[in-house]
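Asker: Below is the structure I would like to discuss, written out as structure tokens.
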Amino acid sequence: MLLWAFYRKGGLDAVAAMCRAFVHTVQRLSAVSPDERSDVASQELIHAHGGLKVVLHLISTIVSSKPILD
């Protein structure tokens, strides 16, 4: 029931958009050599990796069948 409400309010689309944004940031910043990357860019890359990890964990929780079977 809760997942259906999340879906109806566009939650899955928002999660997918966040995932795409993080992947885009990682791709953009990974194209630059680590030696040439500024400290700000390095921090942004670290945060993008962290955000992607959180989003992927949320997706794995949503698609997991364990809560359904418990």
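The values are calculated or read from the model by the stated rules, or taken from the named source; none is laboratory data. If you're wondering where the values come from, they're calculated on a predicted model, not measured in any experiment. Here the Cβ positions follow ideal geometry from the backbone for every residue, glycine too, while neighbour counts run over all protein chains shown. For the accessible areas, the whole protein counts, side chains as well, though only heavy atoms, and no ligand, DNA or RNA atoms are used. Shrake-Rupley method; radii C 1.70, N 1.55, O 1.52, S 1.80 Å.
Asker: Specify the residue that is farthest from residue 19 (Cα to Cα); the eligible residues are those in the range 29-56 that are touching a residue at least 24 places away in the same chain (Cβ under 8 Å) and aliphatic (A, V, I, L, M).
Answerer: Top of the filtered list is 48.
Asker: Hey, among the residues in the range 28-59 that are among the acidic types (Asp, Glu) and part of a helix (DSSP H, G or I), which one's least open to solvent (accessible area, probe 1.4 Å)?
Answerer: Top of the filtered list is 44.
Asker: Please give the number of the condition residue 65 fails out of (1) within 16 Å of the chain's Cα centre (by Cα); (2) loosely packed, with under 11 Cβ neighbours inside 10 Å.
Answerer: (1)
Asker: With the condition kept exactly as written, say whether any residue in the range 43-61 is among the hydroxyl-bearing types (Ser, Thr, Tyr) and at pLDDT below 95.
Answerer: yes
Asker: Do the conditions hold for residue 9, that is, is it surrounded by 10 or more Cβ atoms within 10 Å (Cβ to Cβ) and more than 15 Å from the chain's Cα centre (by Cα)?
Answerer: Yes.
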